[in-house]
Amino acid sequence: MGELDVDVYGGSLEGLITAEIEFDSEQISESFEPPGWIGAEVTGEAGYTNKNLATRGIPTALGGG
């Protein structure tokens, strides 16, 4: 598959967990079936950039500010 990084946040971001998956090829990424514990895809969602998480907190869709 490639590499899977899971980030578990604390402090004002308590409860937020993100997973980043890097695939070895486009073909592998297209055939990937995520496990049930992986939620919505947030790639490209502005609220999940490091800057916005640090300055705005958890995105509103998840109950944050």
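The values are calculated or read from the model by the stated rules, or taken from the named source; none is laboratory data. Treat the numbers as computed from the prediction; the structure is a model and nothing was measured. Positions of Cβ are generated from backbone atoms using ideal geometry, with glycine treated the same way; all protein chains shown enter the neighbour counts.
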Give all pairs with beta carbons closer than 6 Å in which a residue from region 35-57 that is surrounded by 10 or more Cβ atoms within 10 Å (Cβ to Cβ) meets a residue that is of a type in the set (Ser, Thr, Tyr); count only pairs at least 6 apart in sequence or on separate chains.
VAL42/TYR48; GLY57/SER12
So in region 2-31, with the set limited to residues that are surrounded by 11 or more Cβ atoms within 10 Å (Cβ to Cβ) and in a loop (DSSP other than H, G, I, E, B), which one is modelled with the lowest pLDDT?
GLY15
Please specify each residue of region 43-65 satisfying the condition of being modelled with pLDDT under 90 and either assigned to a strand (DSSP E or B) or of a type in the set (A, V, I, L, M) (or both).
ALA61, LEU62
Where the second residue is outside any strand (DSSP E or B) and β-branched (Val, Ile, Thr) and the first is touching a residue at least 40 places away in the same chain (Cβ under 8 Å) and lies in region 11-23, which pairs have Cβ atoms under 7 Å and are six or more apart or on separate chains?
LEU13/ILE58; LEU16/ILE58
